[in-house]
Amino acid sequence: MSLSDTFEKIESLSDTQRECIENCNEATEVCEWCADECLGSADMEECARLCRDVADLTALHARLMARNSRYSATVAEACVEACEACTDECRKHDANHCQVCAEVLQECAESCRQMANA
């Protein structure tokens, strides 16, 4: 059973929350990959740092949403800010991993924005 299938069985989660959890989990993994690919490139140091920050924030946000934490909206706001900063940084680079990361983070930022405003 996939994680996505498991979340569908949690009745307390709305479809919007489920989608945001999935987007956050994807962002976590893609950011870890992008950060790893940036290692050793001096011009990608800031990109790696931002990716690591986003990975930590999105992982935390997914966990908080899964347990319906009262702090979820606060962390969602931080996720939006971090995702947008990282997207901007990734777009400065031509590397495939940066372009993929920027695309995933744009979607994640939108999902988190919906959660922050819920």
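The values are calculated or read from the model by the stated rules, or taken from the named source; none is laboratory data. Note that the structure is predicted; figures quoted are calculated from it, not measured. Neighbour counts are summed over all protein chains in view; Cβ atoms, including those assigned to glycine, are modelled from backbone coordinates with ideal geometry.
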Is it the case that some residue within segment 11-34 is surrounded by fewer than 22 Cβ atoms within 10 Å (Cβ to Cβ), without any contact (Cβ under 8 Å) to a residue 12 or more places away in the chain and hydroxyl-bearing (Ser, Thr, Tyr)?
-> yes
Residue hits (segment 75-98; in contact (Cβ under 8 Å) with a residue 40 or more places away in the chain and either of a type in the set (Gly, Ala, Ser) or surrounded by fewer than 16 Cβ atoms within 10 Å (Cβ to Cβ) (or both)) are 76, 92, 95
Output yes when any residue across segment 52-63 is at pLDDT below 95 and surrounded by 18 or more Cβ atoms within 10 Å (Cβ to Cβ), and no when none is.
-> no
Test for residue 16: is it modelled with pLDDT of 95 or more and among the hydroxyl-bearing types (Ser, Thr, Tyr) | no
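For the structure I just gave you, tell me whether residue 101 is surrounded by 16 or more Cβ atoms within 10 Å (Cβ to Cβ), over 18 Å from residue 46 (Cβ atoms) and not hydroxyl-bearing (Ser, Thr, Tyr). Write out each step before concluding.
Values: surrounded by 16 or more Cβ atoms within 10 Å (Cβ to Cβ): yes; over 18 Å from residue 46 (Cβ atoms): no; not hydroxyl-bearing (Ser, Thr, Tyr): yes.
Judged against the criteria, residue 101 is not a match.
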State all residues of segment 79-105 that are under 9 Å from the mean Cα position of the chain (by Cα) and within 17 Å of residue 33 (Cα to Cα); if no residue qualifies, say none.
-> 82, 83, 104, 105
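Which ones in segment 89-111 are of a type in the set (A, V, I, L, M, F, W, C) and out of contact with any helix residue (DSSP H, G or I) (no Cβ under 9 Å at 6 or more places or on another chain)? Full working, then the answer.
Within segment 89-111, the subset of a type in the set (A, V, I, L, M, F, W, C) is 90, 95, 98, 100-102, 104-105, 108-109.
Within segment 89-111, no residue meets the criteria.
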